[in-house]
Amino acid sequence: MRLSQNWKDYELIDTSDGERLERWGDIILIRPDPQIIWSTGRKNPLWKNAHARYHRSNKGGGYWEQYKKVPQRWTINYGDLVFNIKPMGFKHTGVFPEQAVNWDFAAKKIREQNRPLKVLNLFGYTGCATLSCMNAGASVCHVDASKGMVLWAKENAQSSGIADKPVRWLVDDCVKFVQREIRRGNQYDGIIMDPPSYGRGPGGEVWKLEEQLYSLVSLCGQVLSDNPVFFILNSYTTGLSPAVMQYLLGVLLQSKFGGKVSSDEIGLKVTDTGLILPCGSTAIWEN
């Protein structure tokens, strides 16, 4: 299990009965998590003293119940970076804190190269990985189909004081964008990819990650440079084990570029128990 050891403004305090008790800066939130199948009692007084709790609806989506005044937005820090937190209609806050271990990995690889690098962040969400790569010195292309998420990522770059660093912010379909990049002959030294498990395209077509991932990674391999540095593949899909994703990167990237592949679950340490909550998987190819 890979964990980030560098969070100060985020803390997973406790878990029980399908919920997380979390600290985001000074704000305490309770959010659902289907993996928390245990009932361990709720001894921590913050369970009864949180600012807000997210309730799922049987019809999909859900709502926030506020017990105390919660700002519409506030900021948390991760090292030199500043992220804007905004509780959204589907339980999210704009940051997946377990991904910090991957931000740190990418930043370290970039700094070790001592040469200009271009990084492509697909399904880039609110830009935490993008900012980490920018801050480490890479030129980044950030792509997400949601205009709102790309605007949020720009806000995070502004808040972090790095908006002037080389970056392209693009609202686009990731697959179609990569196809155009292949035709243009554009290449990247690193790719970060965090595709959704399930979704629908503009024409109503269904996207299932297990069925699309091979062709997607194969496509992205065509925009890697002649001397690439890394490829990070994230998944929250329970049907895709880390070992399956590692094998996929092995046959598509290691066979072509050499280097090595690895994979593992990523997670968050729970303060009250000292145990680790699994939060998805990552496979990495690196040179």
Of (1) under 28 Å from residue 226 (Cβ atoms); (2) without any contact (Cβ under 8 Å) to a residue 24 or more places away in the chain; (3) assigned to a loop (DSSP other than H, G, I, E, B), residue 124 satisfies every one except (2)
Residue 86 vs. criteria of a type in the set (Lys, Arg), at positive phi and open to solvent by less than 50 Å² (accessible area, probe 1.4 Å) = no
Give the number of residues within segment 243-276 that are touching a Ser or Thr at 6+ places or on another chain (Cβ under 6 Å), in a helix (DSSP H, G or I) and surrounded by 20 or more Cβ atoms within 10 Å (Cβ to Cβ).
-> 2
Checking 171, 175, 101, 167 in turn, the sole residue that is within 30 Å of residue 13 (Cα to Cα), open to solvent by 10 Å² or more (accessible area, probe 1.4 Å) and out of contact with any Cys (no Cβ under 7 Å at 6 or more places or on another chain) turns out to be 101
Residue check, residue 111 open to solvent by 50 Å² or more (accessible area, probe 1.4 Å), closer than 28 Å to residue 231 by Cβ and without any contact (Cβ under 8 Å) to a residue 60 or more places away in the chain | yes
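State which residue is most open to solvent (accessible area, probe 1.4 Å) when the search covers only segment 34-57 and only residues that are assigned to a loop (DSSP other than H, G, I, E, B) and among the small types (Gly, Ala, Ser).
Initially, segment 34-57 is screened for residues assigned to a loop (DSSP other than H, G, I, E, B), giving 34-44, 49-51, 57.
Of the ones still in play, those that are also among the small types (Gly, Ala, Ser) are 39, 41, 50, 57.
Values: 39: 89, 41: 36, 50: 3, 57: 50 Å².
Per the criteria, the residue is 39.
From the residues in segment 77-103 that are charged (D, E, K, R) and within 19 Å of residue 160 (Cα to Cα), which one is farthest from the chain's Cα centre (by Cα)? Give the steps one after another, and end with the answer.
Looking only at segment 77-103, we keep the residues that are charged (D, E, K, R), and these are 80, 86, 91, 98.
This time we only want the ones that are within 19 Å of residue 160 (Cα to Cα), so: 80, 86.
Numbers: 80: 18, 86: 16 Å.
Going through the qualifying residues, I end up with 80.
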Could you please find all residues in segment 14-30 being farther than 16 Å from residue 68 by Cβ and open to solvent by less than 80 Å² (accessible area, probe 1.4 Å)?
-> 14, 15, 16, 18, 19, 20
Residues located in segment 58-93, provided they are under 23 Å from residue 33 (Cα atoms), touching a residue at least 60 places away in the same chain (Cβ under 8 Å) and not in a strand (DSSP E or B) | 86, 91, 93
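The values are calculated or read from the model by the stated rules, or taken from the named source; none is laboratory data. Quick caveat, the model's predicted, so the values are computed rather than measured. For neighbour counting, all protein chains shown are included, and Cβ atoms are generated from backbone atoms with ideal geometry for every residue, glycine included. The protein model used for the area step is the full one, side chains on, heavy atoms only, and it has no ligands, DNA or RNA in it. Shrake-Rupley method; radii C 1.70, N 1.55, O 1.52, S 1.80 Å.
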